[in-house]
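Q: Sending over a structure as structure tokens; questions will come in a sec.
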Amino acid sequence: ANPAFVADDDTTSPTTGGLSKWSLISGVWTRLWSVNPTGATGLRSLTGVVNTDGSIQLYGIDSNTSTRLVGLLDTGAIPTSANFAVLATSPANQVFRGVDFVPTAIPSPAAAALLGLGGLAAARRRRA
């Protein structure tokens, strides 16, 4: 699969903003769906991660009056506004201007074992 996700915060009438999923089908980019978080007319600052099961977790900032950090899990089914989870709402007189995802690496068992052995060697060296 080769999905592309587009966040659009267009709020002009008719409202065309929101989150859209596109796929390259027979050499042509085709929009599969478009949806907005409940109460919002657009979405901006999109980021995400592909999970081990193939689903895609997306995060963005909606264009509500008080901006909200929202999340959506793309499992392949067409989502609705209700599928968005509100993760945080900006405080009074403040707005969210972006979102970033920083993945954390989980060390392999071999790397963890080497680190443990290195710590033991250092502790033993101090005693001597």
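Q: For the stretch 27-53, which residues satisfy the criterion of being assigned to a loop (DSSP other than H, G, I, E, B), at negative phi and open to solvent by 40 Å² or more (accessible area, probe 1.4 Å)?
A: 38, 41, 51, 52, 53
Q: For residue 86, all conditions in the list (1) at pLDDT 90 or above; (2) under 15 Å from residue 7 (Cβ atoms); (3) surrounded by 13 or more Cβ atoms within 10 Å (Cβ to Cβ) hold save one; what is the number of the exception?
A: (2)
Q: Something else: Could you list, in sequence order, all residues of the stretch 54-76 that are open to solvent by less than 60 Å² (accessible area, probe 1.4 Å), more than 19 Å from residue 10 (Cα to Cα) and not in a strand (DSSP E or B)?
A: If the condition is that a residue be open to solvent by less than 60 Å² (accessible area, probe 1.4 Å), more than 19 Å from residue 10 (Cα to Cα) and not in a strand (DSSP E or B), then 54, 55, 76 are the ones that fit.
The values are calculated or read from the model by the stated rules, or taken from the named source; none is laboratory data. Predicted, not measured: the structure shown is a model, and the values here were computed from it. Neighbour counts are summed over all protein chains in view; Cβ atoms, including those assigned to glycine, are modelled from backbone coordinates with ideal geometry. Heads up: the accessible areas ignore ligands, DNA and RNA and are worked out on the full protein's heavy atoms, side chains in. Shrake-Rupley method; radii C 1.70, N 1.55, O 1.52, S 1.80 Å.
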